[in-house]
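So the structure is just underneath, and the comments pick up after that.
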Amino acid sequence: MFANIFQLSAGILLGIASFIVTDTFQFPVFGKQLPGSLERYKQTWLLRIGLILLVIGYIFPILDLDSFYIEDYFERIIFSFVSVTTLVINGYIIGSLFAEKNHKNAPVVGDVELIKPGMVALDFSEEKNEKQ
């Protein structure tokens, strides 16, 4: 039962991660992180957490650790629903927190490692070039 709970939670998190995409074309702006980087970090972390839950779900039957059994059918459904919901919500929150932390520490456009040959970016700096 625990194996199925972890595997279902992993499947839901992986499904959520597949819908987190920035479909719009955006120009990089000097002094800011790359557009869509928060969504990419969130997708990455949800994939990681989902895969960890999937591995845990596969480990339970291999090691024969799934000895917990509830007799009543209705109680099993409630227990499974609550467990899956808890794992998915906690996985999403943890993934979002890690994504926000990565996004805050991400380099901004204008740093040497982000500028590539042929790159087009917008510059909204307030500096005005005065003609002499």
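The values are calculated or read from the model by the stated rules, or taken from the named source; none is laboratory data. A quick note: this is a predicted structure, and the numbers were derived from the prediction, not measured. Every residue, glycine as well, gets a Cβ built from its backbone with ideal geometry; the counts of neighbours run over all protein chains shown. Protein only, heavy atoms only, side chains kept; ligands, DNA and RNA dropped before computing areas. Shrake-Rupley method; radii C 1.70, N 1.55, O 1.52, S 1.80 Å.
Looking at this structure, is residue 59 open to solvent by less than 80 Å² (accessible area, probe 1.4 Å), touching a helix residue (DSSP H, G or I) at 6+ places or on another chain (Cβ under 9 Å), more than 12 Å from residue 13 (Cβ to Cβ) and not polar (S, T, N, Q)? Can you show your working first?
Details: open to solvent by less than 80 Å² (accessible area, probe 1.4 Å): yes; touching a helix residue (DSSP H, G or I) at 6+ places or on another chain (Cβ under 9 Å): yes; more than 12 Å from residue 13 (Cβ to Cβ): yes; not polar (S, T, N, Q): yes.
Spelling it out, residue 59 is indeed open to solvent by less than 80 Å² (accessible area, probe 1.4 Å), touching a helix residue (DSSP H, G or I) at 6+ places or on another chain (Cβ under 9 Å), more than 12 Å from residue 13 (Cβ to Cβ) and not polar (S, T, N, Q).
Being within 15 Å of residue 103 (Cα to Cα), open to solvent by 60 Å² or more (accessible area, probe 1.4 Å) and either assigned to a helix (DSSP H, G or I) or at pLDDT below 90 (or both) narrows it down to one of 40, 48, so name that one.
It is 40.
Among the numbered criteria (1) modelled with pLDDT of 85 or more; (2) among the hydrophobic types (A, V, I, L, M, F, W, C); (3) open to solvent by less than 100 Å² (accessible area, probe 1.4 Å), which one does residue 81 miss?
Here residue 81 clears every test but (3).
Looking at the range 59-80, which of its residues are aromatic (Phe, Trp, Tyr) and in a helix (DSSP H, G or I)?
If we filter the range 59-80 for residues that are aromatic (Phe, Trp, Tyr), which is where we start, we get 60, 68-69, 73-74, 79.
Answer for the range 59-80, where residues must be aromatic (Phe, Trp, Tyr) and in a helix (DSSP H, G or I): 60, 73, 74, 79.
Starting from the range 57-72, take each residue that is modelled with pLDDT under 85 and list its partners that are outside any loop (DSSP other than H, G, I, E, B), counting only C-beta distances under 7 angstrom and pairs at least six apart or across chains.
66/2; 66/3; 66/60; 68/2; 70/76; 70/79
For residue 90, all conditions in the list (1) open to solvent by less than 90 Å² (accessible area, probe 1.4 Å); (2) within 23 Å of residue 16 (Cβ to Cβ); (3) out of contact with any Asp or Glu (no Cβ under 6 Å at 6 or more places or on another chain); (4) in contact (Cβ under 8 Å) with a residue 12 or more places away in the chain hold save one; what is the number of the exception?
Just one mismatch for residue 90, condition (4).
Looking only at the range 66-76, how many residues end up being of a type outside the set (Gly, Ala, Ser) and open to solvent by 80 Å² or more (accessible area, probe 1.4 Å)?
6
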